[in-house]
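The values are calculated or read from the model by the stated rules, or taken from the named source; none is laboratory data. In this text, all values refer to a predicted model and were calculated from it rather than measured experimentally. Here the Cβ positions follow ideal geometry from the backbone for every residue, glycine too, while neighbour counts run over all protein chains shown. Please note that ligands, DNA and RNA were not included when accessible areas were found on the heavy atoms of the full protein model with its side chains. Shrake-Rupley method; radii C 1.70, N 1.55, O 1.52, S 1.80 Å.
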Amino acid sequence: MKSAEFIKKIFSLSLWANLLAMALVVVLLCLGVKFGIDLYTHHGEKIVVPDVKHKSFSDAKHILGDRDLEIVVSDTGYVKTLPPDCILEQSPEPGAVVKSGRIIYVIINSPSTPRLTIPDVIDNSSLREARAKLIAMGFKVIDPEYVPGERDWVYGIKVRGRNVVTGDRVSIEDPLILQVGDGKRDMMDSVSYIDPVYPEFEEEDEFEEVLELETNHEGNQPAQEAPAATTQPAQPAQPAQSAQSAAPKPAAPAAQQPTQPANTTPKQE
């Protein structure tokens with residue numbers, strides 16, 4: 001390319017028109033970002049958050065709506081002295097400076113008492129452990145009821161006269177009565193004792209018991225009825241008789257015949 005042609009293209013109208021258009025686009029883009037962000041973020045706008053605590057939800061929604069603020073319920077609580085749907089807490093706090101469209105999160109009062117789940121403390125913890133755990137959860141625990149059993153061991157929970165189990169939902173306003181062992185056992189309670197088992201003597205004990213049952217059975221049968229076929233147990237060997245008992249007994253003396261008296265009658269002549 002010759003230098004004359006190069007200079008001619010540099011000073012051409014189309015080249016400078018394209019450069020000017022590109023610069024104009026960049027400037028417009030910068031101005032659009034600047035003013036667009038200001039409009040999106042409500043730059044320079046200030047709205048003071050009003051105090052809506054202890055007001056009804058409908059009144060709070062109307063007050064915040066007049067200032068271009070939105071209201072959203074984030075949670076519920078319970079205060080016995082306040083009416084239902086009353087605002088308990090709000091975030092941001094009253095007096096904070098925000099912009100239009102900001103969401104105000106509130107906690108409202110529940111119309112009924114909250115219900116909590118009974119934890120696993122029945123027959124699983126002592127009185128002190130169960131009481132501390134239930135109070136920490138928000139339950140009301142009153143004086144325990146003592147029942148026969150191990151001392152200070154929790155055997156049950158009563159609410160309004162009825163027994164509850166683990167997993168039941170109970171109102172936090174209902175007091176809990178823990179059924180605790182008093183360390184005494186009723187004489188009518190049954191106690192099972194398990195004898196130790198010795199495997200090495202188990203078969204021998206069973207054999208002796210069977211022999212004893214068979215002997216008692218045979219002794220109770222009447223003499224007239226003989227078993228059809230019974231196997232007689234082996235008789236133990238008789239001990240040897242003593243020498244005195246083994247010796248023959250002396251023969252009994254022979255019976256003597258009575259003697260006839262002599263005939264003394266005189267002969268007749």
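Here are a few things to note about the model shown:
- Count of the range 164-186 residues which are at pLDDT 90 or above, surrounded by 13 or more Cβ atoms within 10 Å (Cβ to Cβ) and in a strand (DSSP E or B): 9
- Every condition in (1) free of Cβ contacts under 8 Å to residues at least 40 places away in the same chain; (2) touching a helix residue (DSSP H, G or I) at 6+ places or on another chain (Cβ under 7 Å); (3) of a type outside the set (D, E, K, R) is met by Val121 except one, and the failing one is (1).
- Restricting the range 134-161 to residues that are part of a loop (DSSP other than H, G, I, E, B) and without any contact (Cβ under 8 Å) to a residue 24 or more places away in the chain, the residue that is least open to solvent (accessible area, probe 1.4 Å): Gly161
- Candidate set: the range 68-93, residues that are over 43 Å from the mean Cα position of the chain (by Cα) and at pLDDT 90 or above; chosen: the one least open to solvent (accessible area, probe 1.4 Å): Leu69
- Scanning the range 31-67 for residues that are surrounded by 14 or more Cβ atoms within 10 Å (Cβ to Cβ) and within 28 Å of Leu116 (Cα to Cα) turns up Lys53, Lys55, Ser56, Phe57.
- In this structure, Thr113 does not qualify as open to solvent by 60 Å² or more (accessible area, probe 1.4 Å), over 21 Å from the mean Cα position of the chain (by Cα), more than 30 Å from Thr41 (Cα to Cα) and at pLDDT below 90.
- Some residue of the range 97-106 being more than 30 Å from Ser171 (Cβ to Cβ), of a type in the set (Ser, Thr, Tyr) and in a helix (DSSP H, G or I): no
- Matching residues in the range 116-133 - criterion: being of a type in the set (A, V, I, L, M) and either within 16 Å of Gln179 (Cβ to Cβ) or open to solvent by 80 Å² or more (accessible area, probe 1.4 Å) (or both): Ile118, Val121, Ile122, Leu127, Ala130
- Selection within the range 1-23 - open to solvent by 100 Å² or more (accessible area, probe 1.4 Å) and hydrophobic (A, V, I, L, M, F, W, C): Met1, Phe6, Phe11, Leu13, Trp16, Leu20, Met22
- Boolean, Ala23 is under 27 Å from Glu173 (Cβ atoms), part of a helix (DSSP H, G or I) and not acidic (Asp, Glu): no
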